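Presented below is the structure to which this report refers.
The values are calculated or read from the model by the stated rules, or taken from the named source; none is laboratory data. Every value quoted in this text rests on a predicted model; they were computed, and no experiment measured them. Please note: Cβ atoms are built from the backbone with ideal geometry, for glycine as well, and neighbour counts cover all protein chains shown.
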Amino acid sequence: MPGVSWTGGPSLLDPGTELDPYPLYRTLRGRYPLVYDEPFGAWLISRYADVRAALADPRLAAPGPGPALAHLDSGARDAHRALVSPAFQEGAPAVLAAGVERTAYVLARRLASRQEADLVAEFCQWLPTAAVVSALGLPYEATARVHALCRAGLDHLGGHHPALAALLGPHIARRRAQPGDDLLSLLCTARMDGRPLSDESVTGVAGILLGAGGGTTARALATFLADLLDHPRQLDAVRERPELTDRAWAESLRRDPPLQVVPRRALEAIGPIPAGATVACLLGAAGRDPERFADPDRYDVFRADPGALAYGSGRHFCPGTSLARLTAVHGLRALLDVLPHLCRVPGDRPSAEGLVSRSPRTLPVRLGPPAPAAPQATARRDPPRVRAR
Ligand code: HEM
């Protein structure tokens, strides 16, 4: 933890920060590595090493209601443990992977006859949710309802959701009576500590998978696709060497993570931070720390060790990393396979925005082949010869 404290410095709420926080992050890292941001109401930590240390510091707790298991009710706590339990891990990844792949191709093919589309509204915002709906084995018509629930606040952490419980209830009852080979059946038959998961816990796992997918992964996917489309040579490299996709994904998460700020509450006084104060760990600032990453503003899919903190660190490290990765890998592959001419709409460069959650709000793309060049007046000075037979 840095020993410097300062008040009256720059603030996350300064004008323009929501559109581009990176100049402010540079100032913070360089001059105010630990500073109380009065308008924002939190102590800001911005250097990579300090953010990493803060995320692992037991004196800094995740504020409730929040991700810390200590703050979750028993159903949600079980749900969270189930996500990382070996019973769930055995069959679930394959079922989820199949759901993501299938859904990515369905969504990409829907765009195939179009000339232009907005990838955020028509691909990124649907893929993570629809993929989990498909893997759970819910009917396709449930996708729109689940999507609406996600948008209405089924957030990153799942939790109690009466509407989701009502939607899933009949499906859970059916799987309990007659399990199939979908993810919901796997959850209904999984055992934790020798006991089956309760309906509440099954709904909780589904809520976490859908809630995180509905928001954070969708935002990360939008940034990832925008980064690659903005760097066509690197996109070509990924196209030719698909094994680079993981690096490209990690690089987007480092350079512009979808969760920029992770909050903590000080359980006791730590240096100048009083007990009870809120601390903001700035993941976006950490990802561009030149002490940790060479030329940090550059997007570089060849970077050897991205090692960023976009998924957090320590006790609350995100359990959804492989699902998020699957979404990126299959999403990109489906788009490149089905839409070989995919490119940005020339001249249209909407950029990312958002202070805590950040991503491009739209991503207009051209899908069809480029229009043939119009014949130029000079190109045909002579009339074309008609060969006599
Ligand atoms: C690119 C996509 C994602 C990113 C960038 C991301 C990021 C994060 C971060 C930074 C944290 C740590 C929060 C903290 O320390 O307080 C976290 C926690 C969490 N994430 Fe994700 N996440 C992503 C996708 C997912 C997915 C797909 C799931 C679904 C399984 C998920 C479920 C969770 C849960 C349950 C926690 C709480 C962990 C705990 O408190 O122990 N996330 N995520």
Legend entry - Those residues of the stretch 183-200 which are surrounded by fewer than 21 Cβ atoms within 10 Å (Cβ to Cβ) and without any contact (Cβ under 8 Å) to a residue 60 or more places away in the chain, in sequence order: THR189, ASP193, GLY194, ARG195, PRO196, ASP199
Legend entry - Of residues in the stretch 345-368 being assigned to a strand (DSSP E or B) and among the aliphatic types (A, V, I, L, M), the one nearest to ALA220 (Cα to Cα): ALA352
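Residue check: is PRO179 modelled with pLDDT under 90 and over 25 Å from ALA104 (Cα atoms)? First the steps, then the outcome.
On the way: modelled with pLDDT under 90: no; over 25 Å from ALA104 (Cα atoms): yes.
No, not satisfied.
Which residues, counting only those in the stretch 310-335, are in a loop (DSSP other than H, G, I, E, B) and surrounded by 23 or more Cβ atoms within 10 Å (Cβ to Cβ)?
Initially, the stretch 310-335 is screened for residues in a loop (DSSP other than H, G, I, E, B), giving 310-313, 317-320.
Hit for the stretch 310-335 is ALA310, nothing else.
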Inset, instruction - Could you please let me know if THR103 is modelled with pLDDT under 90, touching a helix residue (DSSP H, G or I) at 6+ places or on another chain (Cβ under 7 Å) and within 30 Å of SER351 (Cβ to Cβ)? - result: no
Inset, instruction - Output the residue which, of all residues in the stretch 147-166 that are buried (at least 18 other Cβ atoms within 10 Å of the Cβ) and modelled with pLDDT of 85 or more, is farthest from the chain's Cα centre (by Cα). - result: ALA165
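Which of the helices (runs of 4 or more DSSP H) contained wholly in the stretch 168-246 include at least 3 residues that are within 16 Å of the ligand (Cβ to nearest atom), hydrophobic (A, V, I, L, M, F, W, C) and out of contact with any Cys (no Cβ under 8 Å at 6 or more places or on another chain)? Talk me through it step by step, then tell me what you get.
Working: elements: 183-189, 199-212, 218-230, 232-240.
Hits in the stretch 168-246: 183-189, 199-212, 218-230.
Given the criteria assigned to a loop (DSSP other than H, G, I, E, B), in contact (Cβ under 8 Å) with a residue 24 or more places away in the chain and charged (D, E, K, R), does GLU251 qualify?
So GLU251 fails the test.
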Inset, instruction - Could you list, in sequence order, all residues of the stretch 122-136 that are free of Cβ contacts under 8 Å to residues at least 40 places away in the same chain and either over 18 Å from PRO364 (Cβ atoms) or within 12 Å of the chain's Cα centre (by Cα) (or both)? - result: ALA130, SER134
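Would you call LEU335 within 14 Å of the ligand (Cβ to nearest atom), in contact with a helix residue (DSSP H, G or I) (Cβ under 7 Å, 6 or more places away or on another chain) and among the hydrophobic types (A, V, I, L, M, F, W, C)? If you could, list the steps in order and put the result at the bottom.
On the way: within 14 Å of the ligand (Cβ to nearest atom): no; in contact with a helix residue (DSSP H, G or I) (Cβ under 7 Å, 6 or more places away or on another chain): yes; among the hydrophobic types (A, V, I, L, M, F, W, C): yes.
No, not satisfied.
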